[in-house]
Amino acid sequence: MHSILPLPARLTLLALLTMATLPAGAALPGDVARGRALLLQRQDSGCILCHVLPGLPPGGALGPPLVDLARRYDSDALRLRIADARSVNPDTVMPPYFSTEGLRNVARSRAGLTVLSEQALADIVAYLLAAPGPDDDRR
Ligand code: HEC
């Protein structure tokens with residue numbers, strides 16, 4: 001295809017068109033490796049501070065071990081649980097990762113921003129659903 005636009009511009013345009021055609025809230029495809037990296041790090045997600053995670057170095061015990069989730073949750077239910085755990089337990093100590101509702105004293109630079117992006121959430125869900133189960137040697 002001949003185009004007056006240089007390749008990077010065409011790719012950007014394609015990405016924008018793809019985004020525009022996805023209905024709001026549609027499940028983005030998650031990336032297991034990116035999800036693993038997100039679960040591991042302490043700055044943005046902090047998951048490992050409170051949870052033991054399959055296939056990752058030892059984690060904290062404030063929350064339950066995140067094992068066998070695929071048996072109990074589908075991706076929507078798991079996503080909701082991480083996006084805003086208050087939807088299940090209004091008194092939870094788990095931070096809402098994809099909601100800005102009801103937060104107080106948020107740093108001005110973070111006001112109105114969710115902790116994680118929709119894509120990051122999808123990546124984390126992908127890892128958790130693909131994570132090794134109790135009978136798996138990879139654990
Ligand atoms: C401050 C501690 C804390 C942090 C940080 C935290 N959680 Fe939690 N999480 C909890 C607690 C406590 C629960 C138990 C249920 C409740 O009371 O909300 C929980 C429950 C869950 C559950 C449901 C587990 C089940 O067996 O039903 C999932 C899934 C989960 N967390 C994922 C995450 C992910 C992913 C992250 C990081 C993006 C994260 N959590 C960060 C404390 C935390």
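Being away from the ligand (no atom under 11 Å from the Cβ), among the acidic types (D, E) and surrounded by 13 or more Cβ atoms within 10 Å (Cβ to Cβ) is a description that applies to E118.
Does at least one position in the range 33-41 carry a residue that is polar (S, T, N, Q), at pLDDT 95 or above and more than 9 Å from the ligand (Cβ to nearest atom)?
Step one: list which residues in the range 33-41 are polar (S, T, N, Q), which gives 41.
Now drop any that are not at pLDDT 95 or above, which leaves none.
No, every residue in the range 33-41 fails to be polar (S, T, N, Q), at pLDDT 95 or above and more than 9 Å from the ligand (Cβ to nearest atom).
Counting only residues that are over 15 Å from R36 (Cα atoms) and more than 9 Å from the ligand (Cβ to nearest atom), the range 46-76 holds 6 of them. Just need a number here: residues in the range 50-64 that are surrounded by 12 or more Cβ atoms within 10 Å (Cβ to Cβ) and either at negative phi or of a type in the set (S, T, Y) (or both). Total satisfying the criteria: 9. Note on the range 77-107: residues that are of a type outside the set (F, W, Y) and within 11 Å of the ligand (Cβ to nearest atom) amount to 20.
The values are calculated or read from the model by the stated rules, or taken from the named source; none is laboratory data. As the structure is a computational prediction, the values presented were derived from the model and not from experiment. Cβ coordinates were reconstructed from backbone atoms using ideal geometry, including for glycine residues, and neighbour counts include every protein chain displayed.
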